[in-house]
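Beneath this line is the structure, given in structure tokens, with notes to follow.
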């Protein structure tokens, strides 16, 4: 079994740990009313996107999600939160080195004593959710569990949802699809982006992601009988019929969208196995992007 498969299966316990951690009120998380930027790269960016929408919808303050490489360091925020599993990503370190001292800074990472801590007022370490696989699974979802709990959401049932996700059937013959599209709305756009990234990384498969309403504005043209369209959360009115009219296979959300992401992770790892690929070491990727 790959490390990615083992780490995917460990998510219920990791989420329980994150709920306990949130109850201890770790320092550095955004306070109500603060103007917040959340920065990340790849998977971490997509978790930032989900969190930003959830925080704003909870009425807790303006929240922007930025790719670390595109973060406008001259823009004023009360707090900047960096998400980095390794705490070594070049773009994260560059951005945090500029804003540290001008705004409150927090890094959420899986590695104690990582370089990002040097540019952070506070650090939250999720070392229990660290991963050996290059492909991230449990770290981002554990992080999101912590953040959702801090927002005041009732996440007590999430671990049980994750357990269900580990045993529910996946779309039939996923390897037979020419391409896969993941759709979301609101906070689940970030989850759809992450699901597509997992399929690309692990299985080198054609996977895309869009806000569900935007899918109508062009991307639906690629859908046919060899396509799988997977919706995270509730589908907008009329979209189900429009997707089915293309002949594409439609997968609707059966669980909390975060738990649904676990099912997508499983599909990506299964696709990798069927294609004789190693999800722990995807082509051209490393655990952390460190630029010279």
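Yes/no matrix, rows are residues, columns are (1) farther than 26 Å from residue 287 by Cβ; (2) under 12 Å from the mean Cα position of the chain (by Cα):
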{"residue": "118", "(1), (2)": "no, no"}
{"residue": "131", "(1), (2)": "no, no"}
{"residue": "163", "(1), (2)": "yes, no"}
{"residue": "190", "(1), (2)": "no, yes"}
{"residue": "194", "(1), (2)": "no, yes"}
{"residue": "197", "(1), (2)": "no, yes"}
Exercise. For residue 79, work out the one condition from (1) buried (at least 18 other Cβ atoms within 10 Å of the Cβ); (2) touching a helix residue (DSSP H, G or I) at 6+ places or on another chain (Cβ under 6 Å) it doesn't fulfil.
Key: (2)
Self-check item: Enumeration of residues in the stretch 172-206 that are touching a helix residue (DSSP H, G or I) at 6+ places or on another chain (Cβ under 7 Å), closer than 18 Å to residue 273 by Cα and either part of a loop (DSSP other than H, G, I, E, B) or free of Cβ contacts under 8 Å to residues at least 60 places away in the same chain (or both)
Solution: 179, 180, 205
Quiz item: Which condition breaks for residue 252 when tested against (1) buried (at least 22 other Cβ atoms within 10 Å of the Cβ); (2) under 23 Å from the mean Cα position of the chain (by Cα); (3) in the same structural domain as residue 187 (by TED's automatic domain parsing)?
Solution: (1)
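Modelled with pLDDT of 95 or more and touching a helix residue (DSSP H, G or I) at 6+ places or on another chain (Cβ under 8 Å): does that describe residue 246? I'd like the intermediate steps shown before the answer.
Numbers: modelled with pLDDT of 95 or more: yes; touching a helix residue (DSSP H, G or I) at 6+ places or on another chain (Cβ under 8 Å): yes.
Yes; evaluated as a whole, the condition is true for this residue.
The values are calculated or read from the model by the stated rules, or taken from the named source; none is laboratory data. None of the values given here were measured: they were computed from a predicted structure. Heads up, the Cβs are rebuilt from the backbone with ideal geometry, glycines too, and the neighbour counts pull from every protein chain shown.
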